[in-house]
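Notes follow once the structure below has been shown.
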Amino acid sequence: MTNSVEYKFTKDLYDAKASFVTNLECSITGKDDYKAGEIHGLSEAGRPLLVRYDLDAIKNSVTKEEIEARPGGFWKYRELLPVNTGDAVTSLGEVMTPLIPLKASVPDGYDIIVKDEGRLPTGSFKARGLGMAVAMAKELGQTHLAMPTNGNAGAALAAYASYAGLKTTVFCPDDTPIVNIREIELQGADVYTVNGLINDCGKIVFEGKEEMGWADISTLKEPYRIEGKKTMGLELAEQLGWEMPDVIFYPTGGGTGLIGMWKAFDEMEKLGWIGSKRPKMVAVQAEGCAPIVKAYDDGEEHAPLWDDAFTEAWGIRVPVAVGDFLILRAVRESGGFAIAVKEDHIFDCRDRVAKQDGVLLCPEGAATFAAWEMALESGQVSKDDKVILFNCATGLKYPMPETDQFLDKNEPIDYGQFK
Ligand SMILES: *Cc1c(COP(=O)(O)O)cnc(C)c1O
């Protein structure tokens, strides 16, 4: 199907029926009188708002078989998404991201599958959340969006907002990989580096938003990025024949994806699309920045700021998360766990999986592989488990090991060396 046909299909799908959103609900107090169709940030309690749908009406409106028959990427889950009209849909050619079973890099008989999110526009799963957030901002009449980012979120925001004709201002830590800063700029945002971490950048957005009239698109500070990210759960269920895997390893920064998938599983069960089985949700962090793992180990419901956060898996260098309790709840309810991996182990896994299987994971994705290895050794997962590892971005955006094999074309060549 050509892109233009697919685009028309998506637009028609959204124009054919209005969204099924009923209201929004505070994720910590349960206060549920936040109205659809209005601009929202955090709840009055300062926590994320969750979008609620009329699931009975959705049940009468569509079947999972009809959804399966639709072409395209995450926009196909129309009934479970908040956008109202086709005009707001902002699509840069999303695809259903592939599931790739690992072969040589795992022992025989193991069922370890990579969901490769690097195939999405701007090369990361941030396209899901930001595609949705931008569409909703457009629908709600917001014109100038701002956000802090470690790189990928800013790139996705810039691309989708430019396509939607909206303005963006983006702040990132000054050690963010240069490729990210440049792609954000090149895709139409006004980008600044800041001598601080992502939470320092977030503070700048927070303090400037009143004066500038910015829509704050920070992780979980508007309600719609979760809705985009939850499509990972919908897509995974569809791809696995509406059966849940046993374990999902998720590289956890702000946790949008983990929280979103957990929400999607609940919605799908209520719709009768899946049963009550849930995968164990595993929150993976790096040892140099593991606030969620520490809170999990300490039995806490919230995760305090992590000092001197360090990891070159930039997407999970998030020292504090406003949705901490939602991540921890999902992990615990699922019977999963939180696990921190060593920096060296991340890059060792990245290199091994790429060399042996030709699958180039980003460091955050490699962290999930490292976590699986650790969990296997400790007995937290077993050989019989069907395991999903999230490769959340293309490995191509990250620095790679040097190579130095040179051949002088003017000298005699010893072909024996190529054995
Ligand atoms: C944003 C990001 C993450 C973390 O995702 P959350 O859902 O916010 O926890 C992990 N890896 C990469 C590459 C990212 O860009």
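The values are calculated or read from the model by the stated rules, or taken from the named source; none is laboratory data. Values in this document were obtained by computation on a predicted structure and should not be read as measured data. Please note: Cβ atoms are built from the backbone with ideal geometry, for glycine as well, and neighbour counts cover all protein chains shown.
Below is a table of values for the structure above.
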quantity	calculated
Boolean, residue 376 is touching a residue at least 60 places away in the same chain (Cβ under 8 Å) and either assigned to a helix (DSSP H, G or I) or within 16 Å of the ligand (Cβ to nearest atom) (or both)	no
Every residue from the stretch 100-132 that is over 23 Å from residue 244 (Cα atoms) and over 23 Å from the mean Cα position of the chain (by Cα)	104, 105
Selection within the stretch 294-327 - within 13 Å of the ligand (Cβ to nearest atom) and touching a Ser or Thr at 6+ places or on another chain (Cβ under 9 Å)	314, 315, 316, 317, 318, 321, 322, 323, 326, 327
Candidate set from the stretch 386-403 (those that are touching a helix residue (DSSP H, G or I) at 6+ places or on another chain (Cβ under 9 Å) and away from the ligand (no atom under 16 Å from the Cβ)); member that is nearest to residue 245 (Cα to Cα)	387
Single residue of the stretch 334-353 satisfying the filter (touching a residue at least 24 places away in the same chain (Cβ under 8 Å) and of a type in the set (D, E, K, R)) that is surrounded by the most Cβ atoms within 10 Å (Cβ to Cβ)	350
Cβ pairs under 8 Å, 6+ apart, first in the stretch 80-106 and touching a residue at least 12 places away in the same chain (Cβ under 8 Å) and buried (at least 16 other Cβ atoms within 10 Å of the Cβ), second assigned to a loop (DSSP other than H, G, I, E, B) and of a type in the set (S, T, N, Q)	81/19; 82/19; 83/19; 84/19
Helices (runs of 4 or more DSSP H) lying entirely in the stretch 51-164 (those with 1 or more residues that are away from the ligand (no atom under 16 Å from the Cβ), closer than 30 Å to residue 32 by Cβ and not assigned by TED's automatic domain parsing to the domain that holds residue 24)	126-139, 152-164
Selection status of residue 330, modelled with pLDDT of 95 or more and under 25 Å from residue 217 (Cα atoms)	yes
Residues located in the stretch 334-364, provided they are within 14 Å of the ligand (Cβ to nearest atom) and not in a helix (DSSP H, G or I)	338, 341, 360, 361, 362
Count of the stretch 107-136 residues which are of a type in the set (Gly, Ala, Ser) and either surrounded by fewer than 19 Cβ atoms within 10 Å (Cβ to Cβ) or farther than 23 Å from residue 220 by Cα (or both)	1
